[in-house]
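The values are calculated or read from the model by the stated rules, or taken from the named source; none is laboratory data. Just so you know, these numbers come straight off a predicted model, no measurement behind them. Using ideal geometry, Cβ is built from the backbone for each residue, glycine included, and neighbour counts are taken over all protein chains shown.
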Amino acid sequence: MLVLGTDWATISSLATGAGTLVLAVATFASVRSSNRAARVAEAALQEQRRPLLAPSRLEDPLQKLMFADDHWVAVTGGHAAAEHIDGNVYLAISLRNVGSGIGVCQGWSVMPGMAASRTRPDHVPIDQFRLQLRDLYVPAGDIGMWQGAMRNPDDPVRASIADAIDRGETLTIELLYSDQVGLQRTITRFGLVPAGDSWFSSMSRHWYLDWGGPRSDDDVRQAVAMTLGERATADQHAAELAETASAASEAPGDG
């Protein structure tokens, strides 16, 4: 008669191994869930502290500021200042922070003409930004001002900007700023358009340097290509219509 014995040691080992495996799977799932929750919390904190500068509204009040050499400028809502006085260039923009965190200006760059995504898709290199001398804070959901001056007579950029101001031409200014702890660096491109005795300000691009932005540079380039293609098609269609109308007007009459 065959008697089968129970190997309790083997069964115990298998049970222990199965339990360890279940515990490992549960731990792995818990760690993944915790990491995901941490990333979500970090993203939420970033958004709570993210500044985003834009031109102020036309109905925003007039703001005044003084430069280091006691020169004063006054800028109304939605406007900017660009002055060339005694060889010095004074620039200012009335800003509104549409983000949820305090904005701290860190640096700036300026160039003559209106830079567009089609002609200049990238921002100025970081090492070419001029450092901000004064601490300029723009509160969240409120207005503030940016200012910059150029006084060095040997600065070739100063000469070209002064010439553009004298001729009443557009300017492009890029501001580098961060949140209140120096993180979330952002670059915003502004355009200054002369309008009589004043300058209107506009905004065209934002670049997030330390965090993913709403649109990648590839997306912007695709949008530019599509827009240029549509414009080319529209121009061709308009030329064809004009040619047809011209031919019809030159056709001999019936009588």
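Each row is one residue, and each column tells you yes or no for (1) in contact with a Ser or Thr (Cβ under 8 Å, 6 or more places away or on another chain); (2) surrounded by fewer than 17 Cβ atoms within 10 Å (Cβ to Cβ).
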site: Leu136; (1), (2): no, no
site: Asp163; (1), (2): no, yes
site: Leu175; (1), (2): yes, no
site: Asp179; (1), (2): no, no
site: Gly182; (1), (2): no, yes
site: Asp217; (1), (2): no, yes
site: Ala223; (1), (2): yes, yes
site: Gln236; (1), (2): no, yes
site: Ser246; (1), (2): no, yes
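Yes or no: Asp210 within 29 Å of Arg57 (Cα to Cα), acidic (Asp, Glu) and out of contact with any strand residue (DSSP E or B) (no Cβ under 7 Å at 6 or more places or on another chain)?
Yes: the conditions hold for Asp210.
Can Asp127 be described as charged (D, E, K, R), free of Cβ contacts under 8 Å to residues at least 60 places away in the same chain and either within 28 Å of Val220 (Cβ to Cβ) or buried (at least 19 other Cβ atoms within 10 Å of the Cβ) (or both)?
yes
In the range 99-117, is there at least one residue being of a type outside the set (Gly, Ala, Ser), under 19 Å from Arg189 (Cα atoms), touching a residue at least 24 places away in the same chain (Cβ under 8 Å) and part of a loop (DSSP other than H, G, I, E, B)?
Taking every residue of the range 99-117 in turn, at least one turns out to be of a type outside the set (Gly, Ala, Ser), under 19 Å from Arg189 (Cα atoms), touching a residue at least 24 places away in the same chain (Cβ under 8 Å) and part of a loop (DSSP other than H, G, I, E, B).
Results for (1) more than 14 Å from Val104 (Cα to Cα); (2) not in a loop (DSSP other than H, G, I, E, B), shown as yes or no for each residue.
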{"residue": "Arg134", "(1), (2)": "no, no"}
{"residue": "Gly144", "(1), (2)": "no, yes"}
{"residue": "Ala149", "(1), (2)": "yes, yes"}
{"residue": "Arg158", "(1), (2)": "yes, yes"}
{"residue": "Asp163", "(1), (2)": "yes, yes"}
{"residue": "Pro194", "(1), (2)": "yes, yes"}
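Does Asp254 satisfy the condition of being modelled with pLDDT of 80 or more and over 30 Å from Ala140 (Cβ atoms)?
no
Output the residues belonging to the range 74-118 that are farther than 30 Å from Val181 by Cβ, of a type in the set (Val, Ile, Thr) and surrounded by fewer than 19 Cβ atoms within 10 Å (Cβ to Cβ).
Correct list: Thr76, Ile85.
For the range 57-103, give me the residue count where each residue is small (Gly, Ala, Ser), closer than 18 Å to Pro153 by Cα and at pLDDT 95 or above.
Adding up the residues that qualify gives 1.
Answer yes if at least one residue in the range 200-213 is more than 14 Å from the chain's Cα centre (by Cα) and either surrounded by 12 or more Cβ atoms within 10 Å (Cβ to Cβ) or of a type in the set (A, V, I, L, M) (or both), and no otherwise.
Yes.
For the range 169-193, which residues satisfy the criterion of being at pLDDT below 95 and farther than 22 Å from Leu131 by Cα?
Within the range 169-193, no residue meets the criteria.
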